[in-house]
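Heads up, the thing below is written out as structure tokens.
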Amino acid sequence: QVQLRESGGGSVQAGGSLKLSCVSSGSVSTLYTMGWFRQAPGKEREIVASVYGGARYYSDSVKGRFGISRNDAINMVYLQMNSLEPEDTAVYYCAAKPRGAPDYVYWGQGTQVTVSV
């Protein structure tokens, strides 16, 4: 059973930075795609970034501002968020998708990020 736990959320002013961390326990391997999602109040959950091997994906809304990385040796995934905007306010979730799975299977409980003007 895979468990994911996020940390690093908080409140920041627009233009500031935060770094989210996600630690995994269980059988997460390098063959898993790791992703960060977010859900703002009244909106659907959306993918922010993902990483599989050396390939990274970013949504258009965060491209150039956010960076995803992983350290499989210590079961960690990170999301560096720079130049934060009020529109980035949301609950951020870490998720894992096993190789061959059609969708993300494992989810963390989420961490709140609030960006004020």
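The values are calculated or read from the model by the stated rules, or taken from the named source; none is laboratory data. Just so we're clear, the structure is a prediction, and the values are computed from it rather than from any experiment. Here Cβ is always computed from backbone atoms with ideal geometry, including for glycine, and neighbour counts include all displayed protein chains. Protein only, heavy atoms only, side chains kept; ligands, DNA and RNA dropped before computing areas. Shrake-Rupley method; radii C 1.70, N 1.55, O 1.52, S 1.80 Å.
Given the criterion of a type in the set (Phe, Trp, Tyr), surrounded by 15 or more Cβ atoms within 10 Å (Cβ to Cβ) and under 17 Å from Ser116 (Cα atoms), identify the matching residue among Tyr32, Tyr92, Tyr78.
On the way: Tyr32 fails: under 17 Å from Ser116 (Cα atoms); Tyr78 fails: under 17 Å from Ser116 (Cα atoms).
Unique residue meeting the criteria: Tyr92.
Return the residues of region 38-55 that are touching an Asp or Glu at 6+ places or on another chain (Cβ under 9 Å) and open to solvent by 20 Å² or more (accessible area, probe 1.4 Å); say none if nothing qualifies.
Once the filter is applied, which keeps residues that are touching an Asp or Glu at 6+ places or on another chain (Cβ under 9 Å) and open to solvent by 20 Å² or more (accessible area, probe 1.4 Å), region 38-55 yields Gln39, Ala40.
Where in region 18-117 are there strands (runs of 3 or more DSSP E), lying wholly inside it, with at least 2 residues that are aliphatic (A, V, I, L, M) and at pLDDT 95 or above?
Numbers: elements: 18-25, 33-39, 46-52, 55-58, 66-71, 76-81, 90-97, 111-116.
Qualifying strands (runs of 3 or more DSSP E): 18-25, 46-52, 76-81, 90-97, 111-116.
How many residues are in contact with a Ser or Thr (Cβ under 9 Å, 6 or more places away or on another chain) and within 16 Å of Leu20 (Cα to Cα) if we restrict to region 39-62?
Of the residues in region 39-62, 6 are in contact with a Ser or Thr (Cβ under 9 Å, 6 or more places away or on another chain) and within 16 Å of Leu20 (Cα to Cα).
Residues being more than 15 Å from Asn82 (Cβ to Cβ) and loosely packed, with under 13 Cβ neighbours inside 10 Å: count how many of those fall in region 10-28. Even if it seems obvious, please write down each step before you answer.
In the first step, residues of region 10-28 are kept if they are more than 15 Å from Asn82 (Cβ to Cβ); the result is 11, 21-28.
Narrowing the set further to residues that are loosely packed, with under 13 Cβ neighbours inside 10 Å leaves 11, 25-27.
Of the residues in that region, 4 qualify.
Could you check how many residues of region 1-17 are over 13 Å from the mean Cα position of the chain (by Cα) and either without any contact (Cβ under 8 Å) to a residue 40 or more places away in the chain or not in a loop (DSSP other than H, G, I, E, B) (or both)? So that I can check it myself, show each step before the final result.
Taking region 1-17 and keeping what is over 13 Å from the mean Cα position of the chain (by Cα), we get 1-3, 10-17.
From what is left, the residues that are either without any contact (Cβ under 8 Å) to a residue 40 or more places away in the chain or not in a loop (DSSP other than H, G, I, E, B) (or both) are 1, 3, 10-13.
Qualifying residue count for the region: 6.
Name the residue that is least open to solvent (accessible area, probe 1.4 Å), counting only residues in region 95-117 that are within 30 Å of Gly15 (Cβ to Cβ) and among the hydroxyl-bearing types (Ser, Thr, Tyr).
Thr111
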